[in-house]
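Asks: Mind having a look at this structure? Questions to follow.
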Amino acid sequence: MSRDLALTERYLEKVGRPLRPAHESEFARVCYGGKYAPRPVFLGAAEIQRLTRDLEVLRGALYRLPGLLFGGDIGAFARANGMDEGQVRAVERCSAAMPDALTSMGRADLYHDRFDFRLMEFNIGSTIGYENGDMCREMLADPEFGPFAAEENLRYVDTVVEQVRTFRHEMGLAPDDRPVVALTEWPANLTELAPYMNALVKLWSDHGLDAHPCHVGQLERRDGRLWLGDRPVDIVYRQFMMQDLLDDNVDALLEPLLGALEDGEVRMFTSLESELYGSKASLAMLSDRAHRKLFSDEELAVIDRLIPWTSPVTSEPVVLEDGTEGSLLDHAVAHQQELILKPTLLYGGQGIVPGWSPEVTPEDWRRILVDAMDGPYVVQKRIHAVPEPFPQPDGETRPWIVNWGVVLMTSGYGGLLTRCAPADGDIDVLNRDLGALLGSGFHVGPSTE
């Protein structure tokens, strides 16, 4: 589906200037610190409907992978995703304690090339990051953009509202339930993330959640309950990630939580298992042409539409993009400018090496591939994102690249977040730590006619 930029063109004609939130809430200040893209982005009604349906179909295909490829053995699936034995043990225990705990919550990071949206990665579970309500509300208060949005029937979905709605639905909570929730991080991350967590639980309190920030080492079992200090915990909202479970003392740190889950003393949102489906290795399993007979025609159409060719970095022969079988190393060396190397389970741009980076020589690229061989890595075909015009302070426009973060929740489409940067800049991967700016977007609502 080609991008329809007519709405963007009308925005540039009628508003025609950078548009950022005039004010920041405490939560937005902690999350974004004033670093906003120069304008929101826009999706048409047909675009959002098709994207949502495609991503729901893709998520369903991901959830079928353990049964299709591993006989339902979640441990084997975890090992194929590159997990070490400590991580595998934790996933197996959590999965056994939380059967059928698959979540609808996820965020797909996409680029748009000349033809369609292409999926870079699909993060699934409670660890995805999001918040767009403050941004969108502030933009609608702008004296020029507000009337433009009304004229164009523009809407937005508040991601935090949908987050709480999804949490309540999947935890089986009644509207007036107010459980004690432990918003739980890993010990090494708590100091850095405490401002965000404090702001988030304050925001959640407006939506009826009694939540308290902590790290997993602060949870204790006694008297048939899981406790955070003197509070009995009803639900653990997991914010720590699989990459955190590489500590030498991971078993001891997780024992109170996993033991309480196994004995039904607490519930958790979301299962550790959910991160397996959002790994790059799982995308490679969908991309593998040897697996095509396992999927429905609808699933294959979505896989072909969304997923760039992705392969594990292996010394075994692989099925290449053209359907022939060959050496991954030889193919990757010959196509360096069109490939990117990614760790299967790291996030936030960690460990990624774009083959097209001017800093990566052919000798470097081969050495990096050899070092990654048969490890937890994939190579993925490069997505050539088509820039979109963004207004500048001088009244001119400048082409920017957009990473579209499309959120899914229990109600379907759950909002839009973006990372943006000038197309002529030196950012190879759109990541906040590398200087990408954050933004949000609006979609055209249903016709009122």
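Asks: Taking all protein chains together and a probe of 1.4 Å, list GLU359, GLU144 from the most accessible to the least accessible.
Replies: GLU359, GLU144
Asks: From the phi angles alone, apply the Karplus equation (6.51, -1.76, 1.60; θ = phi - 60°) to the stretch 310-323 and give each ³J(HN,Hα) in whole Hz, x where the residue is Gly or Pro.
Replies: Result, ordered by residue: 9, 9, x, 8, 9, 7, 6, x, 10, 7, 7, 4, 7, x Hz.
Asks: Sort out for me the Cα centre separation of the stretch 86-143 from the stretch 155-180, rounded to whole Å.
Replies: 15 Å
Asks: Dipole of the chain, Cα-centred, from +1 at each Lys and Arg C-beta and -1 at each Asp and Glu C-beta, to the nearest 20 debye?
Replies: 520 debye
Asks: While we're here: Answer with one residue from LEU43, ALA101, ALA80: the one whose Cα lies farthest towards the positive end of the charge dipole of the stretch 1-121, charges on Cβ with Lys, Arg +1 and Asp, Glu -1.
Replies: The residue sitting farthest along the positive end of the dipole is LEU43.
Asks: Got a sec? What order do ASP54, ASP394 fall in by accessible area at 1.4 Å, biggest, i.e. largest, first?
Replies: Correct descending sequence by accessible area is ASP394, ASP54.
Asks: For ILE383, what accessible surface area do you get with a 1.4 Å probe? Give it in Å², rounded to 10.
Replies: 30 Å²
Asks: Further question: So in the chain, what percent of DSSP beta bridges are antiparallel if you round to the nearest 5?
Replies: Here the antiparallel bridges make up roughly 75 percent for the chain.
Asks: When we measure straight from the Cα of LYS280, which lysines land under 23 angstrom away, once same-chain ones fewer than 8 places off are left out?
Replies: Within the straight-line limit of under 23 Å, LYS280 reaches these lysines: LYS293, LYS342, LYS381.
Asks: Taking the Cα centre of each part, how many Å lie between the stretch 1-63 and the stretch 311-373?
Replies: Cα centroid of the stretch 1-63 versus Cα centroid of the stretch 311-373: 31 Å apart.
Asks: Same structure, new question: Determine the shape class of the chain: with a ≥ b ≥ c the square roots of the Cα gyration tensor eigenvalues, call it rounded for a/c under 1.5, and otherwise prolate if a/b is greater than b/c, oblate otherwise.
Replies: Verdict is oblate for the chain.
Asks: Let me ask something additional. With the full set of protein chains in place, find how many percent of the accessible area of the chain is carbon and sulfur; take the probe as 1.4 Å.
Replies: 49 percent
Asks: Output ³J(HN,Hα) for the stretch 21-26: one whole-Hz value per residue in order, computed from phi by the Karplus curve 6.51 cos²θ - 1.76 cosθ + 1.60 with θ = phi - 60°, and x for Gly and Pro.
Replies: Rounded to whole hertz, the list is x, 6, 9, 10, 6, 4.
Asks: For a quick check, take a GNM of the chain with Cα springs below 10 Å and name the residue from GLY129, GLY278, GLY415 with the largest mean-square fluctuation.
Replies: Looking only at GLY129, GLY278, GLY415, the largest GNM fluctuation is found for GLY129.
Asks: Taking the full set of protein chains and a 1.4 angstrom probe, give the accessible area of GLU151 in square angstrom, rounded to the nearest 10.
Replies: Here the accessible area works out near 120 Å².
Asks: Could you report the accessible area of THR127 in Å², rounded to 10, computed with a 1.4 Å probe on the protein chains as they sit in the structure?
Replies: 30 Å²
Asks: What relative contact order, as a whole-number percentage, does the stretch 1-79 give when Cα pairs under 8 Å and 6 or more residues apart are counted?
Replies: 24 percent
Asks: Let me ask something additional. Rounded to the nearest 500, what is the 222 nm mean residue ellipticity of the chain from helices alone, with -39500 (n - 2.57) per DSSP H run of 4+ residues and division by all residues?
Replies: After summing the helix terms and dividing by the residues of the chain, the value is -10000 deg cm²/dmol.
Asks: When only the heavy atoms of the protein chains count and the probe is 1.4 Å, how do ARG367, ARG222 rank by accessible area, highest first?
Replies: ARG367, ARG222
Asks: OK, next. Taking 8 Å as the Cα distance limit and 6 or more residues as the minimum spacing, I'd like the relative contact order of the chain as a percentage.
Replies: 24 percent
Asks: Taking Rh as the Kirkwood radius, which is the inverse of the mean 1/r over Cα pairs, what is the Rg/Rh value for the stretch 327-414?
Replies: 1.10
Asks: Would you work out the charge dipole size for the stretch 182-275 about its Cα centre, treating the Cβ of every Lys and Arg as +1 and the Cβ of every Asp and Glu as -1, and quote it to the nearest 20 debye?
Replies: Computed charge dipole of the stretch 182-275: roughly 360 debye.
Asks: Next up: What is the stretch 153-289's relative contact order, in percent, from Cα pairs under 8 angstrom and six or more apart in sequence?
Replies: Across the stretch 153-289, relative contact order equals 24 percent.
Asks: With a length cut of 20 Å (Cα positions projected on each helix's long axis) and a Kyte-Doolittle mean of at least -1.0, go through the chain and give me the DSSP H helices that pass.
Replies: Helices meeting the criterion: 45-63, 190-205.
Asks: Something else now. Rounding to the nearest 20 debye, state how big the charge dipole of the stretch 126-283 is about its Cα centre with +1 on each Lys and Arg Cβ and -1 on each Asp and Glu Cβ.
Replies: Charge dipole of the stretch 126-283: 240 debye, to the nearest 20.
Asks: Moving on. Using the heavy atoms of the protein chains and a 1.4 angstrom probe, tell me the accessible area per residue for the chain in square angstrom.
Replies: 42 Å²
The values are calculated or read from the model by the stated rules, or taken from the named source; none is laboratory data. As the structure is a computational prediction, the values presented were derived from the model and not from experiment. We place every Cβ from the backbone using ideal geometry, glycine too, and count neighbours over all the protein chains shown. What goes into the accessible areas is simple: the full protein's heavy atoms, side chains included, and nothing from ligands, DNA or RNA. Shrake-Rupley method; radii C 1.70, N 1.55, O 1.52, S 1.80 Å.
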